[in-house]
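A.B. asks: Structure below; questions to follow.
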Amino acid sequence: MSISPDEARAALAAAETGRRAVADEVGLPAWYWWGLGACWIALGTIGDLGTWWLTSVATLVFGAVHSWVFGRVADGRRRTSLVTVSREVAGRRTMLNVWFLLLAMIVVGAGFALLIAADGARHPGTIASVLPAAIIVAGGPRLVRWSAGS
Amino acid sequence: MTDVAPRFDELIHPATRLQLVAALAAADWAEFAFLRDRLGLSDSALSKQLSALEEAGYVATDRVLDAGRRRVRARLTSAGREALAGHLAALQELLAGT
């Protein structure tokens, strides 16, 4: 088989185009980010009600449901139902980085809630939860794309 | 891909087929509709390419029932992965020698 260098370059570019078509699909489903943001605000609102048992139950239920969902989607390989990206292409850091994002948002949310509570706000939990929820919805997909190197 | 023996493969060298094989190599599986849309192929062109690759043992297709609709999923076989790796290695080797 005789191939010129230009043909070889064109063939490698074609292969990269094909790989990229799938690599661009790395991510978590949109419903995960929106659902997480909504639950975050709901938890903040429940916390503001001041009913300790309700807050505890809601937190436990959220934690259990989230960990179940997280284990299924956080590797970034199933953003849509049309393709499952290979583990090598999705990268190993995706799940870890999503975890770091969630931990950081807990710290940001708690810190923000303490600040506005000290300032005398009536519903610090609800108000403070909007910031991490917005960061999760807007920044989560970008973080995953960055993790996958796309 | 460092331990792959460079080997040109005429079957997967055409650009459309190489794109298709490289896309499948990046996935565990992909649906027909996804490949058609992302690679900009017509239904008949994609069917033809998949049939040629399936005949060579490079691709396997499955028909799955999802929400009452029959969907075709394609995946690269280990022979297909080896062929792609060997072909890419051969192309890179050729360029390295220029």
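A.B. asks: B:Tyr58 passes all but one of (1) surrounded by 17 or more Cβ atoms within 10 Å (Cβ to Cβ); (2) within 13 Å of chain A (Cβ to nearest Cβ); which number fails?
C.D. replies: (2)
A.B. asks: Being facing chain A (nearest Cβ under 7 Å) and not hydrophobic (A, V, I, L, M, F, W, C) is the filter; apply it to segment B:7-28 and report the residue that is surrounded by the most Cβ atoms within 10 Å (Cβ to Cβ).
C.D. replies: Result: B:Gln19.
A.B. asks: Something else about it: Residues B:Ala45, B:Ala33, B:Ala79, B:Ala90: which one is within 8 Å of chain A (Cβ to nearest Cβ) and either in a helix (DSSP H, G or I) or at pLDDT below 95 (or both)?
C.D. replies: Details: B:Ala45 fails: within 8 Å of chain A (Cβ to nearest Cβ); B:Ala79 fails: within 8 Å of chain A (Cβ to nearest Cβ); B:Ala90 fails: within 8 Å of chain A (Cβ to nearest Cβ).
Every option except B:Ala33 fails the conditions.
A.B. asks: Within segment A:94-107, does at least one residue satisfy the condition of being under 30 Å from B:Arg36 (Cα atoms) and of a type outside the set (S, T, N, Q)? First the steps, then the outcome.
C.D. replies: So in segment A:94-107, the residues under 30 Å from B:Arg36 (Cα atoms) come out as A:94-95.
Going one step further and asking which of them are of a type outside the set (S, T, N, Q), we end up with A:95.
The answer is yes, given that some residue of segment A:94-107 is under 30 Å from B:Arg36 (Cα atoms) and of a type outside the set (S, T, N, Q).
The values are calculated or read from the model by the stated rules, or taken from the named source; none is laboratory data. Predicted, not measured: the structure shown is a model, and the values here were computed from it. Here Cβ is always computed from backbone atoms with ideal geometry, including for glycine, and neighbour counts include all displayed protein chains.
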